[in-house]
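Remarks on the structure that follows.
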Amino acid sequence: MGKPLLHRSPIPGLGISAGITLTLLSLVVLLPIGALLAKGAVAGPERLWSEVNSARIWASLWLSFRLSFLAAAFNLVFGAALAWVLARYRFPGRRLIDAAVDLPFALPTAVAGIALTALYAPNGVFGAVARDWGVKIAYTPLGIFIALVFVGLPFVVRTVQPVIDEIEREVEEASATLGASRAHTIRHVILPMLAPAALTGFALALARAVGEYGSVIFIAGNLPMKTEIAPLLIVIKLEEFNYDGATAIGIAMLVISFLMLFVINAIQVWSRRRIGYV
Amino acid sequence: MSDTAPATFRAATDESPLFRIVLTVIVLSLLVLLLFAPLVAVFYEALRKGWVTAVTSLADPEALAAIRLTLTVAAIAVPLNAMFGIAAAWLITKYDFRGKALLITLIDLPFSVSPVVVGLCIVLTFGANTWIGALLVQAGHPVVFALPGIVLASMIVTFPFVARELIPVMIEQGRAEEEAALTLGASGWRTFRTVTLPNIRWALLYGVLLCNARAMGEFGAVSVVSGKIRGQTATMPITIEMLYNEYLSVAAFALAAVLAFLAFVTLGLKTFLEIRHADALAAARRH
């Protein structure tokens with residue numbers, strides 16, 4: 001605690017930058033989130049628990065979590081492979097594809113939602129093919145999974161790609177010189193270097209997927225107990241003017257978000273200690 | 001084709017050609033199914049019944065009102081968030097103080113909160129049944145189911161974008177140039193305008209573009225606070241949802257195509273900036 005609260009600095013603008021930052025942060029982020037927590041505190045833990053503790057809400061939380069985890073895991077493998085192909089291989093159209101990876105960041109979620117539904121619904125282009133094989137995609141958990149893979153994809157690619165760019169070829173050459181096969185080098189030299197970034201991307205994709213709403217509700221079908229995601233239940237509770245119920249689910253999801261934020265920070269601290277950068 | 005190297009020659013740090021081709025084909029096929037197909041679908045569905053029908057559906061008063069509302073929301077939310085982003089990045093990179101890590105975590109917080117929870121928070125703060133909300137309604141300025149709520153929802157969801165782009169670039173730039181300008185007698189404001197701003201302008205532009213695209217496309221948070229009143233509080237994404245649920249597919253996809261086009265422009269400009277100003281943005285990619 002020897003560190004002073006603020007080091008004196010010759011650079012002007014402390015007052016105005018701190019003023020704008022703290023005012024907007026308080027008004028825009030802290031006040032609304034504080035209101036949610038205050039509402040929860042007024043209702044009390046027992047009331048919140050009785051609101052959350054219903055089969056329908058557990059089913060939706062379990063569905064949201066399970067599918068978000070699966071989609072993030074799929075993105076972990078697919079995103080790392082895509083980052084590798086984009087960083088290491090040269091083929092026509094590489095720049096275009098590199099740019100397109102950010103599409104889920106820029107495309108509005110509702111647009112993605114109706115587009116995916118148009119494709120994967122039983123009368124859509126891909127949905128019809130799947131139907132001939134006896135698989136239903138849209139309006140089932142599989143459809144939700146596809147939407148969550150879509151929104152989470154850029155996170156893993158964009159965290160892993162810069163790390164691949166920074167790997168020094170000498171390390172790989174040393175491994176090859178010492179007689180390691182290419183597969184052995186990838187497994188024992190490259191993957192350990194990519195692991196922290198890939199895990200950060202996984203956690204970011206997971207956090208995004210758990211809260212995702214716009215791209216999922218169109219393709220989900222929204223059947224209670226079957227394809228109803230947790231954020232949708234908040235909307236339903238609000239439409240029923242059940243504020244305590246909405247607050248209870250909202251706080252549950254906020255706690256989950258905080259936990260994931262904590263895990264992401266822990267991974268970054270760990271990787272910074274291990275390899276010096278994230 | 002050189003005949004000095006054997007046909008099977010490859011560097012020890014390359015995978016076999018077969019592996020490369022198989023991996024590239026698998027990855028790109030998945031990308032086509034997941035990313036490119038939906039994009040094509042938006043434009044295909046919009047133009048299904050011809051250009052005329054699509055353009056006519058955009059000229060509908062409700063669609064026009066939605067476009068106007070979305071532009072209004074972005075015109076308020078984006079400059080405020082840009083101002084916040086610059087102030088926060090300045091505060092974080094130019095001074096040393098205790099609690100900086102906590103401040104950064106709080107700024108990033110909206111990234112990990114579900115948009116629907118963001119909407120819920122606004123309703124619980126400013127809804128008509130809260131004391132702040134009741135006061136504001138009495139004063140004739142309701143927040144929820146009105147423009148301020150929609151602006152606030154869009155602001156919260158896009159809150160960290162500009163700061164996130166600026167902070168890594170400004171850390172990389174250091175403080176020496178600003179300190180030199182100040183030593184030479186420049187005022188703080190002039191130092192910012194002539195020294196800092198030229199260094200960060202591309203990162204700032206990219207942050208603003210991304211913030212704008214997300215603010216215009218925000219759905220989850222806005223759908224909770226908008227009340228979905230046609231022609232009044234229905235933004236473009238909300239109108240897309242309503243049209244889609246009424247089976248007005250062409251109209252929904254035409255409006256969606258406008259937003260998809262905006263996403264295109266955002267990504268195109270981003271790629272252009274990355275190619276032209278790779279150095280200035282390089283730091284931002286390493287966050």
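Any read-out appearing in this document is the output of simple, stated calculations on the displayed coordinates, not a laboratory observation. All figures in this text were calculated on a predicted structure; none of them were measured in a lab. Here Cβ is always computed from backbone atoms with ideal geometry, including for glycine, and neighbour counts include all displayed protein chains.
Ratio of alpha-carbon Rg to the 2.2 N^0.38 Å globular estimate for the stretch B:1-151, to two decimals, please.
Details: Rg = 26.5 Å, N = 151, 2.2 N^0.38 = 14.8 Å.
With N residues counted in the stretch B:1-151, Rg over 2.2 N^0.38 Å equals 1.79.
Select from B:Leu23, B:Leu166, B:Leu35 the residue whose mean-square fluctuation is largest in a Gaussian network model of chain B (Cα-Cα springs shorter than 10 Å). Looking only at B:Leu23, B:Leu166, B:Leu35, the biggest GNM fluctuation is shown by B:Leu23.
When only alpha carbons are used to place a centre, the stretch B:174-214 and the stretch B:221-246 end up 38 Å from one another. List the GluC sites (Glu not before Pro) in the stretch A:166-275 that DSSP assigns to loop (not H, G, I, E or B) and whose Cβ has at most 12 other Cβ atoms within 10 Å. Which are they? Counting only loop positions with at most 12 other Cβ atoms within 10 Å, the GluC sites (Glu not before Pro) in the stretch A:166-275 are A:Glu168, A:Glu240. Computed over the stretch B:125-164, the convex hull of the alpha-carbon atoms projects to a mean area of 3.1 nm².
For the stretch A:6-43 and the stretch B:90-136, write down the distance between their C-alpha centroids in whole Å. Result: 8 Å between the Cα centres. Could you tell me the center-to-center distance, by alpha carbons, between the stretch B:247-265 and the stretch A:158-237 in angstrom? With the stretch B:247-265 and the stretch A:158-237 each reduced to a Cα centre, they are spaced 29 Å.
Shielding by partners for peptide B:24-32, expressed as the average number of C-beta atoms from other protein chains within 10 Å of each residue's C-beta, is 5. Over chain A, all Cα pairs binned in 10 Å intervals from 0 give whole-percent P(r) values of 6, 21, 27, 24, 16, 6, 1, 0, listed from short to long.
For chain B, what is the calculated [θ] at 222 nm in deg cm²/dmol (nearest 500), taking -39500 (n - 2.57) for each run of four or more DSSP H residues and dividing by its residue count? Could the numbers behind the result be given before it?
Numbers: 16 runs with 211 residues, N = 287.
After summing the helix terms and dividing by residue count, I get -23500 deg cm²/dmol.
Based on DSSP H segments of at least four residues, each scored -39500 (n - 2.57), chain A has a per-residue ellipticity at 222 nm of -24000 deg cm²/dmol. Give me the percent of Cα-Cα pairs in the stretch A:151-224 that sit more than 14 Å apart, rounded to a whole number. Every Cα pair in the stretch A:151-224 considered, those over 14 Å come to 68 percent. Here's the list of lysines a cross-link from A:Lys226 could span, going by alpha-carbon distance under 16 Å and ignoring same-chain residues fewer than 8 apart: A:Lys136.
Once the gyration tensor of the Cα atoms in the stretch B:51-285 is diagonalised, the equivalent ellipsoid follows with semi-axes of 36, 24, 14 Å, ordered largest first.
The fraction of Cα-Cα pairs per 20 angstrom bin, counted from 0 for the protein assembly as shown, comes to 20, 53, 25, 2, 0 percent, rounded to whole percents. Applying both filters, DSSP loop and at most 13 other Cβ atoms within 10 Å, to the GluC sites (Glu not before Pro) of the stretch B:176-246 gives B:Glu246.
For the stretch A:125-278, taking Cα atoms only, Rg and Dmax work out to 20.9, 69 Å respectively.
Partner shielding of A:199-209 amounts to 1, given as the average count of beta-carbon atoms from other chains within 10 Å of each residue beta-carbon. Here's the list of lysines a cross-link from B:Lys100 could span, going by alpha-carbon distance under 26 Å and ignoring same-chain residues fewer than 8 apart: A:Lys3. Looking at the stretch A:85-131, the trypsin sites (Lys or Arg not before Pro) that sit in a DSSP loop and have at most 13 other Cβ atoms within 10 Å of their own Cβ are A:Arg90. For chain B, which DSSP H helices look membrane-span-like by this rule: Cα extent along the axis of 24 Å or more and mean Kyte-Doolittle of at least -1.0? Span-like helices in chain B: B:61-94, B:197-217, B:249-276.
Considering every residue in B:151-161, what mean count of other chain Cβ atoms within 10 Å of its Cβ is obtained? If you can, show how the numbers build up before the last one.
Values: counts 0, 4, 1, 0, 4, 4, 0, 0, 4, 1, 1.
For peptide B:151-161, the averaged partner shielding equals 2.
Along chain A, the exposed loop sites are chymotrypsin sites (Phe, Trp or Tyr not before Pro) outside DSSP states H, G, I, E and B with at most 16 other Cβ atoms within 10 Å, and the longest stretch free of them is A:134-240.
May I ask you to list, by number, the DSSP H helices of chain A whose Cα span along the axis is at least 24 Å and whose average Kyte-Doolittle hydropathy reaches -1.0 or more? Numbers along the way, then the final one.
Values: long enough: A:55-88 (48 Å, 1.31); A:141-166 (38 Å, 1.50); A:191-211 (30 Å, 1.49); A:243-275 (47 Å, 1.16).
Taking the DSSP H segments of chain A (at least 24 Å long, mean hydropathy at least -1.0), we get A:55-88, A:141-166, A:191-211, A:243-275.
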